[in-house]
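Peer 1: The structure follows.
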Amino acid sequence: MANKYFIIDFDSTFTKVEALDELCKISLKGKPQCDSHLQQIEEITLQAMAGSLSFAEALERRVALLEAKKQDLTPLIEALSQRVSESFRRNQDFFAHYADTILIVSSGFREFISPIVKPYGVREENIYANTFLYDEQDNIIGFDKNNVLSQDNGKVQLLKSLALQGDVHVIGDGYTDYQIREAGLANKFYAFTENIKRDNVVQQADYEIPNLDEFLYVNDLKRNISYPKHRIKVLLLENIHPNAQAYFEQEGYKVELLKHGLDEDELCEAIKDVSILGIRSKTQLTARAVASAQRLIGVGAFCIGTNQIDLQAALERGVPVFNAPYSNTRSVVELAIAEMIMLLRNIPRSLRNMDKGKWDKSAAQSYEIRGKKLGIIGYGNIGAQLSVVAESLGIDVYYYDIVDKLAMGNATACTSLEELLRTVDIVSLHVDGRVENECLIGAKEFDLMKEGVVFMNLARGSVVDIEALVSNLNSGKILGAAVDVYPEEPKSNDEPFISALKAIPNVIHTPHIGGSTQEAQYNIAEFVPKKIVEYINSGTTFGSVNFPEIQLPKLQNAHRLIHIHRNVPGILAQINQILAESQANIVGQYLKTNETVGYVITDVDKQYSKHLIEKLKSIEHTMRFRVLY
């Protein structure tokens with residue numbers, strides 16, 4: 001088998017920066033000429049990298065501008081050690097495995113290159129670079145012009161002299177790296193664009209690689225991650241907080257952000273090549289949409305509810321769904337408190353009168369909240385916290401839930417919905433949007449309520465019969481209502497809001513903003529992406545609303561085999577039989593199931609037959625399989 005040689009550039013490839021630019025910042029720090037010299041060096045560097053200036057001239061002009069001393073190299077090395085490209089940092093196994101055939105070929109200088117690359121396993125004899133010349137006071141006064149790398153076409157001349165026998169791959173970001181391929185001395189030139197992208201260089205390249213992960217993946221070489229993250233596409237809909245986009249991009253994923261929701265047809269088209277989907281409450285992820293997303297790995301509901309998602313369809317495709325069950329709880333509670341106070345004080349009427357220029361100072365139909373009876377329907381995260389906050393304001397709290405829930409503080413549990421409706425002065429809905437809750441509150445339920453009741457729906461638009469609500473508002477049975485959710489809502493801020501409630505004066509309308517505070521959206525944008533990334537990186541499904549939940553330990557010095565299958569008998573036995581036949585040493589194994597799927601995670605020693613993977617994938621009833629490094 002022919003040797004594989006890897007020729008790697010240093011500046012803007014191995015490191016994120018151009019070293020001479022950094023040296024200039026150090027050597028001229030605090031001097032008046034610093035900015036102008038740095039700008040000149042950067043311009044010269046760009047011209048040389050683009051091939052519009054001879055390299056020998058560029059190098060001589062840059063070194064002359066440095067005004068550097070030998071002692072300036074120490075802080076430079078410290079700075080460069082912190083600026084190694086991220087994909088190089090995470091692939092040290094590659095450097096260890098191919099130490100004999102990895103060559104650093106740079107027009108930079110050995111004095112600062114060697115201390116940076118050697119900790120990664122690069123051998124001293126495989127480092128090819130220039131060297132500085134110093135005067136008696138250790139001022140850098142030039143460089144060794146006899147070194148071939150200080151000359152025009154220096155990398156080509158060096159490679160000719162090395163006469164490497166085997167496949168030669170060049171990784172770099174500049175024109176001088178491409179010249180090696182142009183001279184026929186390399187099989188392929190890979191334009192490295194993780195730190196900087198030069199279009200004229202990319203156009204000449206055999207392959208553009210956004211990071212070292214991509215190079216190792218396409219060449220099936222030793223690597224520390226199983227799949228390049230930039231190939232994982234994330235689609236975020238409905239104006240999700242930009243922190244979510246930033247987090248995914250920081251992880252290396254490709255992110256598309258849309259401010260609006262999508263209907264089913266639009267979504268089916270948009271998610272064909274999407275691996276991670278993030279939505280809020282407007283977008284309906286139906287079974288048809290899930291079936292359209294062949295590459296879908298995980299779904300994030302950037303809200304509390306998940307009724308807009310066909311959880312079973314996602315499960316049957318082996319796709320876990322994560323939500324934010326607590327992140328916007330406080331925001332919804334605060335809005336509920338504010339609105340019940342405003343309604344009891346009849347603030348909507350006052351606002352409308354003031355807008356008309358009418359001064360109507362009166363205590364009629366205006367009440368304190370203290371001592372009133374609040375009925376909470378749905379005693380989940382929001383309902384329970386509303387209970388606590390309301391009680392602190394002197395409100396007597398009653399609640400009803402179809403599931404037995406422990407009362408918070410002095411709240412009173414009602415045995416039926418009817419009991420609660422007959423008892424309270426304020427009704428606040430906090431149920432989910434499951435089918436059983438559709439029109440939970442209709443004409444019959446309104447009839448059970450007290451005269452002058454305050455009614456609030458900050459839950460789901462489908463749980464209230466709007467026609468019945470309108471009728472009771474118009475009749476005066478309801479003192480006032482606060483509505484944040486509607487059976488039909490605009491997909492974006494550009495669409496009009498249409499509702500029979502609009503013309504009614506004693507209603508507070510809000511555009512589904514219960515959880516729309518900066519704090520809540522920030523918290524959600526922090527929580528949901530972390531859950532999804534944790535699943536992708538480690539296989540942990542803890543917190544998923546539809547998948548077998550399992551908290552996995554950190555993967556250490558092993559490969560993790562993730563097998564998702566239909567929950568039928570005998571799959572685990574087949575997996576272990578294949579592992580035994582392949583003589584794969586099991587480091588750890590974990591299993592969790594539900595009615596639909598089985599989730600088996602097996603950590604094995606890194607040495608195993610590649611045929612093992614194909615055998616595991618071919619097990620009958622396998623839904624998904626992936627390997628984590």
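Peer 1: Only one of these conditions is not met by residue 404: (1) more than 23 Å from residue 504 (Cα to Cα); (2) modelled with pLDDT of 95 or more; (3) surrounded by fewer than 18 Cβ atoms within 10 Å (Cβ to Cβ); (4) not hydrophobic (A, V, I, L, M, F, W, C). Which number is it?
Peer 2: (2)
Peer 1: Among the candidates 599, 608, single out the residue that is part of a strand (DSSP E or B) and among the hydroxyl-bearing types (Ser, Thr, Tyr). Write out each step before concluding.
Peer 2: On the way: 608 fails: part of a strand (DSSP E or B).
Of the residues listed, the single one that is part of a strand (DSSP E or B) and among the hydroxyl-bearing types (Ser, Thr, Tyr) is 599.
Peer 1: Also, I was wondering about something else. Return the residues of the stretch 203-257 that are among the aromatic types (Phe, Trp, Tyr), under 13 Å from the mean Cα position of the chain (by Cα) and surrounded by 21 or more Cβ atoms within 10 Å (Cβ to Cβ); say none if nothing qualifies.
Peer 2: Hits for the stretch 203-257 are 248, 253.
Peer 1: Residues that are farther than 21 Å from residue 3 by Cα: which helices (runs of 4 or more DSSP H) entirely in the stretch 69-177 hold 3 or more of them? Before the answer, list the steps.
Peer 2: Details: elements: 73-81, 86-89, 92-97, 110-117, 154-162.
Hits in the stretch 69-177: 73-81, 86-89, 110-117.
Peer 1: Among the residues of the stretch 514-568 satisfying the criterion of being free of Cβ contacts under 8 Å to residues at least 24 places away in the same chain and over 16 Å from the mean Cα position of the chain (by Cα), which is nearest to residue 327 (Cα to Cα)?
Peer 2: Within the stretch 514-568, the match that is nearest to residue 327 (Cα to Cα) is 518.
Peer 1: Now a separate question. Quick one: which of 382, 369, 395 is touching a Lys or Arg at 6+ places or on another chain (Cβ under 7 Å) and either touching a residue at least 12 places away in the same chain (Cβ under 8 Å) or on the phi > 0 side of the Ramachandran plot (or both)?
Peer 2: One residue alone meets the criteria, 395.
Peer 1: Do any strands (runs of 3 or more DSSP E) entirely within the stretch 238-302 hold 3 or more residues that are under 15 Å from residue 318 (Cα atoms), and if so, which?
Peer 2: Of the strands (runs of 3 or more DSSP E) lying wholly inside the stretch 238-302, those with at least 3 residues that are under 15 Å from residue 318 (Cα atoms) span 298-301.
Peer 1: Continuing with this model, one more query. Might you let me know whether the stretch 438-461 holds any residue that is among the basic types (Lys, Arg) and crowded, with 23+ Cβ neighbours inside 10 Å?
Peer 2: The initial filter retains those residues of the stretch 438-461 that are among the basic types (Lys, Arg), namely 444, 450, 460.
Still in the running and crowded, with 23+ Cβ neighbours inside 10 Å: 460.
Yes, the stretch 438-461 contains a residue that is among the basic types (Lys, Arg) and crowded, with 23+ Cβ neighbours inside 10 Å.
Peer 1: So which residues in the stretch 387-397 are more than 13 Å from residue 341 (Cβ to Cβ) and either modelled with pLDDT under 95 or surrounded by 23 or more Cβ atoms within 10 Å (Cβ to Cβ) (or both)?
Peer 2: Within the stretch 387-397, 387, 397 qualify.
Peer 1: Also, quick follow-up: Just to be sure I understand, how many residues within the stretch 108-133 are free of Cβ contacts under 8 Å to residues at least 60 places away in the same chain, polar (S, T, N, Q) and closer than 13 Å to residue 144 by Cα?
Peer 2: Total meeting the criteria: 1.
Peer 1: Kindly establish whether residue 46 is part of a helix (DSSP H, G or I), among the hydrophobic types (A, V, I, L, M, F, W, C) and touching a Phe, Trp or Tyr at 6+ places or on another chain (Cβ under 9 Å).
Peer 2: Considered against the rule, which asks whether it is part of a helix (DSSP H, G or I), among the hydrophobic types (A, V, I, L, M, F, W, C) and touching a Phe, Trp or Tyr at 6+ places or on another chain (Cβ under 9 Å), residue 46 comes out as no.
Peer 1: Something else about it: Please go through the stretch 485-508 and pick out each residue that is among the hydrophobic types (A, V, I, L, M, F, W, C) and touching a strand residue (DSSP E or B) at 6+ places or on another chain (Cβ under 7 Å).
Peer 2: Scanning the stretch 485-508 gives 485, 501, 507, 508.
Peer 1: Restricting attention to the stretch 366-381, does a residue exist that is assigned to a helix (DSSP H, G or I), assigned by TED's automatic domain parsing to the domain that holds residue 454 and touching a helix residue (DSSP H, G or I) at 6+ places or on another chain (Cβ under 7 Å)?
Peer 2: Yes: the stretch 366-381 contains one or more residues that are assigned to a helix (DSSP H, G or I), assigned by TED's automatic domain parsing to the domain that holds residue 454 and touching a helix residue (DSSP H, G or I) at 6+ places or on another chain (Cβ under 7 Å).
Peer 1: What pairs can you find where one residue is in the stretch 481-504 and assigned by TED's automatic domain parsing to the domain that holds residue 441 and under 21 Å from residue 441 (Cβ atoms), the other is assigned to a loop (DSSP other than H, G, I, E, B) and of a type in the set (A, V, I, L, M), and their Cβ atoms are less than 7 Å apart, with a gap of 6+ or different chains?
Peer 2: 483/501; 484/458; 484/513; 485/458; 485/459
The values are calculated or read from the model by the stated rules, or taken from the named source; none is laboratory data. Model, not experiment: these values are computed from the prediction. Backbone-built Cβ (ideal geometry, glycine too); neighbour counts: all protein chains shown.
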